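Single-structure report; data block below.
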Amino acid sequence: MMHIDTKSAGTVSMQEVPLLEIAVVGHTNTGKTSLIRTLLRSTGFGKVDDAAGTTRHVERATIFAGSEAVLNLHDTPGIEDVYALQDRLQVIAARNKRCTQSELLEKFVAATPLHDPLEQEAKVIRQVLRSDVLLYVIDVREPVLEKYLIEIEILGKAMKPMIPIFNFTAAHRAELDLWRKKLAAFNIYASLELDTVAFAFEAEKRLYQKIQSLLEVHYTRLQRLIDHRARVWNQLCMSAARRIAGLIITTVCYREHTGEERSSADTSSAAIRLQDFIRQAEQHCLADLLKMFNFTDKDIELQKIPVQNGYWQLDLFAPGVLKAYGLDIGSAALKGAAAGAGIDLMTGGLSLGAASMLGALAGTGWSTFRRYGKEIQAKIRGTRWLCVDDSTLQLLYLRQRQLLDKLMNRGHAACHADQVSQQPERGELPDGWQQIVDMLRQNPSWGKSQELHAEDTRQYSLIEKRLVDALLRNPVL
Amino acid sequence: MALKNHDFNDLVRLEQLRHIETGQPQALSYAGIASMEAYPASGFSYAAFLERLLDRAHHLVHDNHLDEVLQQPEKLFIRAGKIILLLAAVLGGLAAVNATGESSTLNIYWLLVVLLGFNFLSMLLWCVGISLNIQGLSSGIAAQLACWLPFQLKKRETNSTGTLAARAWWETCLSGRVGRWRISMLTHQFWLVYLLAGMGVLILLMLAKQYDFVWGTTLLPENSLPELTRLLGIPMQHIGLAVPDGQQIAASRIGAGVQDSVIRSAWAEFLVGALIVYGLLPRLILMLLAFFMLKLSEYRYKPDLYLPYYVTLRQSLIAKEFVTSVIDHDPGMVKESPEPITRAKHSRHFPANALVVGIELDSHAIWPEGLVCQENVADQKTFIRVSEMLKKSKGALVIGVSAHRLPDRGVQRMIRELATLVSGQVWLMLLQSSPVIPVAESRRQAWYRLAQACAIPAEHILS
């Protein structure tokens, strides 16, 4: 949903220094609109299509830091016929020999009528002349053709600082190097990689920093924008990681009670309930994350992640998923045979691994009893619970971490994801994972926040913090 | 950050809704607020977001008739508080009755210890608790009971929306800084009522009965209690209450004999004065302090808007941090989607001895066997060279293009110009690349439309 408000943009620009005007230019279909979408972090801007001349007008987006307008980004149509443009400019130059280069461009803009074949190019030049800095978008997958270099040369006549932006760099390093070499011939070194599909926040920051170094007048205002964006971004990532930590905690804490008699029908229906609970929890989490990062469920298909239309396509309990994440399948299959895939059977509230630990602790007296009292009681009574097994928990964690990585490193440009490879990525579990799992399993009430007791909150937030740090790869202090 | 002060109750309501919506999203109807998301607010600030949230909460509460459920926990707490205060009044009265007993002589220091001693001890504990931040010390048992009991009862209820609302109220109003001062206030109120009731009963007893006041000690030096009386009396004298003088004190020593009414009234005034100055007044001051601190912490309270729940809402309720407008319109904006061109069967008569040229090819393009590219048009120089070649040749022209690349107006003009120079047939060949790059149907269509624009028949397009 686009909110068009020219008034507010107008009122804020009434400050001493006029707003920084940035024109995003380039050949057709190089991803100019995508670049702006990525910078705005919204798919709502402009129109993106895999065709020439998708953007045919100049559209402006005013970017704010809080409530302060900082800059105007201008999306321009693509340049398509640069040879014709060159010819036209040569004709104008021949007629006006005393004009400067930028005056020639002005004359070209003034002399191009509405339905001229070069009308699109005239729009671009008009905007270039009105702007403070140019971002020239390059699709590095394209061969380095003479026509692109002529484009740069013509745009250079406007005497505005220009920053080439290399798009689609993710899997095209060799082509990128070739482009760099060619641009060096134009004395252009200050280029930037900003892949609109595989986007990293750092790149955005670097872009604004480059502009800062080129236009000193706008330094402080841009710095405020950078700081603001960084703050918002960090908080967004933190919130997302907390959401995932919440999912992990809920999942680990979840117990499904089974009858004391070991009837298999009872167990399997409990197993189904448990699986459904986990699936739903994961689905809710996904929906929340997509919303947080401002992706509508329709416009993405995450690279290498089985998510489509906002739903996980690959069931958590499907055979083969564990293997795809490089996890040990032997043990899971064995337990699965007893209860159901992805299920661990806990007798007396302790998983088998923890039971042996209990033996070790048994001698230490009252403190042990206080901690494990309930569990021991349950053991004596023969209470049995179903809980999610270790492999599934690991899988869940790794899958969520991968998802978070993709969300954090993804531009709002991609309509169609490049399926680069299907190779599984072996992720790392957080330090002390087993300890976290054991602790959570012994505190099933932590899964529901409304039952958290005051004395537990410290331990709980410690675990949450460890998970969040691991998800965001913060160094452990 | 200078913020508009929002009513604390509104923020509590937000937190209650958060708990309900995270715990039981299916319990609410969102029909009434569905339109809100379609019109995101244009403000970007924290205050604007909070305003939006409160607006949303208002609608949600109204639509789902949640008012009662959300207010229930506070009502319960207030009711429990009232019961506790009633209990305090009874206890205070009983203490006074108990301390005076049946006898007609009252041991003045014993009475003060009974009435003020526990109060003083509890005040000391509170001070230590609040300054060292130990919740268990600063909140009295009675106040803790008032907080705990209603929610234990509430927990057992089956209505889980109510439980969630109660839980949220407990978290915001009875825990953390806000909770500490709220519970402190209840504790001070408890003791205030206790002292008032005790003093009231004592005054009633003294109105109706005649008491002799005595003092005595076994372990302490003889002059310690008269000295204490003098010290305790100093602040009372400032507010105009009579204090027994040295003679009167000496006359009240146990076994000193019969007291006259002057001594009795002096001691009675001293007793009431001590209760006011050392009991009621400090409690009143502490209660006012707690009240002030409670209001301050309520004023400073901010919900954690970076919780996933709020971040998600932020995305849907607040417009993006930008505004857009079209500033250079496209006059020919109406651009109907072109009719797809049906592919024709390739003509079988492939021209022999045709001139084969490529347009903007890179090294990855693969030509079919038997065709050798004579020139690749990549710049003006090669274009002129090919034009010259075409002018001389009489045969056909095969133009190879990379199928995956997007044709632009420049390429189209180039191909059209080449085509006009040829007297024979013109063929367009969509070449694959190695490694294979998938070619979308829309891309193919773009080449077909280019061919159409350059008057190359569809059956002359090879792919």
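The values are calculated or read from the model by the stated rules, or taken from the named source; none is laboratory data. Predicted model, so just to flag it, every value in this text is computed and none were measured. Glycine also receives a Cβ, built like all others from the backbone with ideal geometry; neighbour counts cover every protein chain displayed.
Restricting attention to the stretch B:60-69, does a residue exist that is assigned to a helix (DSSP H, G or I) and under 23 Å from B:Val214 (Cα atoms)?
no
Go through the stretch B:385-433 and count every residue that is within 14 Å of another protein chain (Cβ to nearest Cβ), part of a strand (DSSP E or B) and in contact (Cβ under 8 Å) with a residue 60 or more places away in the chain.
Adding up the residues that qualify gives 2.
Can you find a residue in the stretch B:404-414 that is surrounded by fewer than 17 Cβ atoms within 10 Å (Cβ to Cβ) and basic (Lys, Arg)?
Checked the stretch B:404-414: no residue is surrounded by fewer than 17 Cβ atoms within 10 Å (Cβ to Cβ) and basic (Lys, Arg).
Quick one: would you say A:Thr33 is surrounded by 21 or more Cβ atoms within 10 Å (Cβ to Cβ), facing another protein chain (nearest Cβ under 9 Å) and among the polar types (S, T, N, Q)?
Answer is no for this residue.
What is the residue count in the stretch A:217-261 for residues that are closer than 13 Å to A:Glu464 by Cα and basic (Lys, Arg)?
2
Just for the stretch B:434-463: of the residues that are touching a residue at least 12 places away in the same chain (Cβ under 8 Å) and among the β-branched types (Val, Ile, Thr), which one is nearest to the other protein chains (Cβ to nearest Cβ)?
So the residue we want is B:Ile437.
Restricting attention to the stretch B:105-128, which residues are among the hydroxyl-bearing types (Ser, Thr, Tyr) and touching an Asp or Glu at 6+ places or on another chain (Cβ under 8 Å)?
Across the stretch B:105-128, the qualifying residue is only B:Thr105.
Between B:Ala268, B:Ala256, which is more than 14 Å from chain A (Cβ to nearest Cβ), at negative phi and at pLDDT below 85?
B:Ala256
Quick check: anything in the stretch A:167-181 of a type in the set (Phe, Trp, Tyr) and either surrounded by fewer than 17 Cβ atoms within 10 Å (Cβ to Cβ) or more than 14 Å from every other protein chain (Cβ to nearest Cβ) (or both)?
no
Per-residue answers, yes or no, for (1) of a type in the set (D, E, K, R); (2) modelled with pLDDT under 85:
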{"site": "B:Gly23", "(1), (2)": "no, yes"}
{"site": "B:Ser29", "(1), (2)": "no, yes"}
{"site": "B:Ser35", "(1), (2)": "no, yes"}
{"site": "B:Tyr46", "(1), (2)": "no, yes"}
{"site": "B:Phe49", "(1), (2)": "no, yes"}
{"site": "B:Arg52", "(1), (2)": "yes, yes"}
{"site": "B:His58", "(1), (2)": "no, no"}
{"site": "B:His62", "(1), (2)": "no, no"}
{"site": "B:Ala95", "(1), (2)": "no, no"}
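Please enumerate the residues belonging to the stretch A:85-108 that are buried (at least 17 other Cβ atoms within 10 Å of the Cβ) and within 11 Å of another protein chain (Cβ to nearest Cβ).
Within the stretch A:85-108, A:Leu85 is the sole residue that qualifies.
Considering only the stretch A:30-58, state which residues are under 21 Å from A:Leu114 (Cα atoms) and either in contact with a Leu (Cβ under 9 Å, 6 or more places away or on another chain) or not assigned by TED's automatic domain parsing to the domain that holds A:Leu134 (or both).
A:Ala52
Of everything in the stretch A:148-166 that's within 11 Å of another protein chain (Cβ to nearest Cβ) and buried (at least 22 other Cβ atoms within 10 Å of the Cβ), which residue is farthest from A:Arg60 (Cα to Cα)?
A:Tyr148
Of the residues A:Glu464, A:Glu455, which single one is under 28 Å from B:Arg177 (Cα atoms), within 14 Å of chain B (Cβ to nearest Cβ), part of a helix (DSSP H, G or I) and at pLDDT 80 or above?
From the options A:Glu464, A:Glu455, the qualifying one is A:Glu464.
Would you confirm whether or not the stretch B:421-436 contains a residue that is touching a helix residue (DSSP H, G or I) at 6+ places or on another chain (Cβ under 9 Å) and within 20 Å of A:Val140 (Cβ to Cβ)?
Looking for residues that are touching a helix residue (DSSP H, G or I) at 6+ places or on another chain (Cβ under 9 Å) and within 20 Å of A:Val140 (Cβ to Cβ), one finds none in the stretch B:421-436, hence no.
Among the residues of the stretch A:216-229, is there at least one that is within 14 Å of chain B (Cβ to nearest Cβ), free of Cβ contacts under 8 Å to residues at least 40 places away in the same chain and either in a helix (DSSP H, G or I) or on the phi > 0 side of the Ramachandran plot (or both)?
For the stretch A:216-229, residues within 14 Å of chain B (Cβ to nearest Cβ), free of Cβ contacts under 8 Å to residues at least 40 places away in the same chain and either in a helix (DSSP H, G or I) or on the phi > 0 side of the Ramachandran plot (or both): present.
Is the stretch B:107-128 home to any residue that is within 14 Å of another protein chain (Cβ to nearest Cβ) and either closer than 23 Å to B:Asp67 by Cα or at pLDDT 80 or above (or both)?
no
Can you pull out every residue in the stretch A:39-81 that is charged (D, E, K, R), at the interface with chain B (Cβ under 7 Å from one of its Cβ atoms) and not in a strand (DSSP E or B)?
A:Asp50, A:Arg56, A:Glu80, A:Asp81
What number goes with the only condition from (1) more than 15 Å from A:Val128 (Cα to Cα); (2) touching a residue at least 24 places away in the same chain (Cβ under 8 Å); (3) not basic (Lys, Arg) that A:His74 does not pass?
A:His74 satisfies every listed condition except (1).
Do we find a residue being hydroxyl-bearing (Ser, Thr, Tyr) and over 26 Å from B:Pro282 (Cα atoms) anywhere in the stretch B:231-253?
Yes, there is a match, as at least one residue in the stretch B:231-253 is hydroxyl-bearing (Ser, Thr, Tyr) and over 26 Å from B:Pro282 (Cα atoms).
Which residues, taken from the stretch B:283-310, are over 30 Å from A:Ala287 (Cβ atoms) and either surrounded by 18 or more Cβ atoms within 10 Å (Cβ to Cβ) or of a type in the set (Val, Ile, Thr) (or both)?
B:Arg283, B:Ile285, B:Leu286, B:Met287, B:Ala290, B:Met293, B:Leu294, B:Glu298
From B:Leu192, B:Leu207, B:Leu225, which residue is modelled with pLDDT under 85, of a type outside the set (Phe, Trp, Tyr) and assigned by TED's automatic domain parsing to the domain that holds B:Trp110?
Only one candidate passes the filter, namely B:Leu225.
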